[in-house]
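Below is one structure; the comments refer to it alone.
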Amino acid sequence: MLNDDSIKLLRECDAGIIMGINSLKDVRDDIKDFELADIIDNSIDTHKLLKEKVEKLLDENNDDGKMPSAVAETMSWMKTNIKLIADNTDATVADLITDGCSMGVKSISRYINQYTKAEPVAVSIAKNLRDIEEELEIELREYL
C-alpha cells in the first residue's frame, strides 16, 4: 500500500491529467495545421497512457482518484471558447494550450513539493506529468 502523501500526489496527477486531456480535446477540432493537430493528438495519447498508470496505482490502493474542480473546468472551457470565437487561429490554440501547460507545471511542482513523503513511484509519475507539460509547451512555441 502506498502512503498518504503518495495517494494525495497521485490524485492531483489524476485531476491534472483529466484537465489536460479535456483542454486538448476542446481545441482539437479548431486546429487547421496538420502538424499541430498531430502534436495535440500525440499529447492526448501520452496523457491517456499516463492516466492508465495513475489509475492502476490508485485502484491497487482502493482509491477512486480525483476529478478536476467543476469551477476550474468551466472557467477553462469559457476562456477557450471566448478566445476562439474572437480569434479562431492555430496561434490562439497554441496560446491557450501553452497557458494550460504552464499552469499544469506550476501546480504539479507545487504538489511535488507539498507531498514530501510521497514514495518514489508517485513522485516519478508526477515528474513525468510535469515533463510532458513542459515539452508540449516548448513544442507549441513555433505556433504562437
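The values are calculated or read from the model by the stated rules, or taken from the named source; none is laboratory data. Just so it is clear, the structure is predicted and the values come from calculations on it, not from any experiment. For neighbour counting, all protein chains shown are included, and Cβ atoms are generated from backbone atoms with ideal geometry for every residue, glycine included. Heavy atoms of the whole protein, side chains included, go into the accessibility calculation; ligands, DNA and RNA do not. Shrake-Rupley method; radii C 1.70, N 1.55, O 1.52, S 1.80 Å.
Below, the figures for the structure above:
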{"quantity": "Residue check for Ala126: within 15 Å of Cys13 (Cα to Cα), touching a Phe, Trp or Tyr at 6+ places or on another chain (Cβ under 9 Å) and surrounded by 13 or more Cβ atoms within 10 Å (Cβ to Cβ)", "calculated": "yes"}
{"quantity": "Subset of the stretch 34-55 (residues that are under 15 Å from Gly16 (Cα atoms), open to solvent by less than 10 Å² (accessible area, probe 1.4 Å) and over 12 Å from the mean Cα position of the chain (by Cα))", "calculated": "Val54"}
{"quantity": "Gly65 being open to solvent by less than 30 Å² (accessible area, probe 1.4 Å), out of contact with any strand residue (DSSP E or B) (no Cβ under 7 Å at 6 or more places or on another chain) and outside any helix (DSSP H, G or I)", "calculated": "yes"}
{"quantity": "Contacts under 6 angstrom Cβ, first residue in the stretch 30-42 being farther than 15 Å from Asp87 by Cα, partner open to solvent by less than 40 Å² (accessible area, probe 1.4 Å) and of a type outside the set (Val, Ile, Thr), 6 or more apart", "calculated": "Asp33/Asp90; Leu36/Asp90; Leu36/Tyr143; Ile40/Leu24"}
{"quantity": "Considering residues of the stretch 68-91 that are open to solvent by less than 60 Å² (accessible area, probe 1.4 Å) and not charged (D, E, K, R) only, the residue farthest from the chain's Cα centre (by Cα)", "calculated": "Thr89"}
